[in-house]
Amino acid sequence: MIHLKPRPMKKYMIQLLVFAYFLLYALPIQAQQFDLNTLTTINFLDSIYIKRHQNKIDTNRIKIEINHIIGIASFYNSKFNGRATSIGERFYNNKYTAACNLYKLNTIVRVTNLRNGKTVLVRINDRMHPNMLRKGRVIDLSQSAAKQLVFNSKGLVKVSVDVIGYSKKNPKMN
């Protein structure tokens, strides 16, 4: 008769725990990829600017929630090419930038055309005239960003604006 030595149970328990940990925690982390379209939970609304111009906001056309705004977008005229922005850098229509009165400067936002679902990432580097809020305008895009959204013939489109985060660099399209 052959007597087998019982293996220590402790070794198997450790292996089982390591395997369970790997299944529960390590695999989902490996499968998860960083997505630029993930929204942030930090509030990027410029509350000081909003309070200052609160009476100019057309609440029938502009819906403001934390990090989510629905309103009308327009795009810069080409005559502004090369002029200084609120941040002090030069504006160029071929970069993915925008002017917005409701978000803090250097905020990266995802702008979605609500008619066709097309999106673009832009950085807020300028301010619009406060009277634009009376017209329901929430963001003024560079022409290259507006081209990505496929604007209608009047140069205006209803959009949803969602905050991605903060950056001093402009987003680039692939």
Loop trypsin sites (Lys or Arg not before Pro), the range 63-111 (other Cβ atoms within 10 Å of the site Cβ: 12 or fewer; DSSP): Arg83
Flagged links, alpha-carbon separation over 18 Å, of Lys63/Lys118; Lys118/Lys147; Lys104/Lys169; Lys56/Lys168; Lys56/Lys154; Lys104/Lys147: Lys63/Lys118; Lys56/Lys168; Lys56/Lys154; Lys104/Lys147
Mean separation of Cα contacts under 8 Å (at least 6 apart) over the residue count of the range 47-166, i.e. the relative contact order in percent, is 37
Loop-located trypsin sites (Lys or Arg not before Pro) in the range 132-174, at most 12 other Cβ atoms within 10 Å (DSSP): Lys154, Lys168, Lys169, Lys172
Per-residue ³J(HN,Hα) for the range 129-145, Karplus 6.51 cos²θ - 1.76 cosθ + 1.60, θ = phi - 60°, Hz, x for Gly and Pro: 5, x, 5, 5, 5, 5, 8, x, 7, 10, 8, 10, 8, 5, 5, 5, 5
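Values quoted throughout were computed directly from the atomic coordinates according to the rules given, and no laboratory measurement underlies them. The model shown is predicted, which means the values in this text are computed figures rather than measured ones. Every residue, glycine as well, gets a Cβ built from its backbone with ideal geometry; the counts of neighbours run over all protein chains shown.
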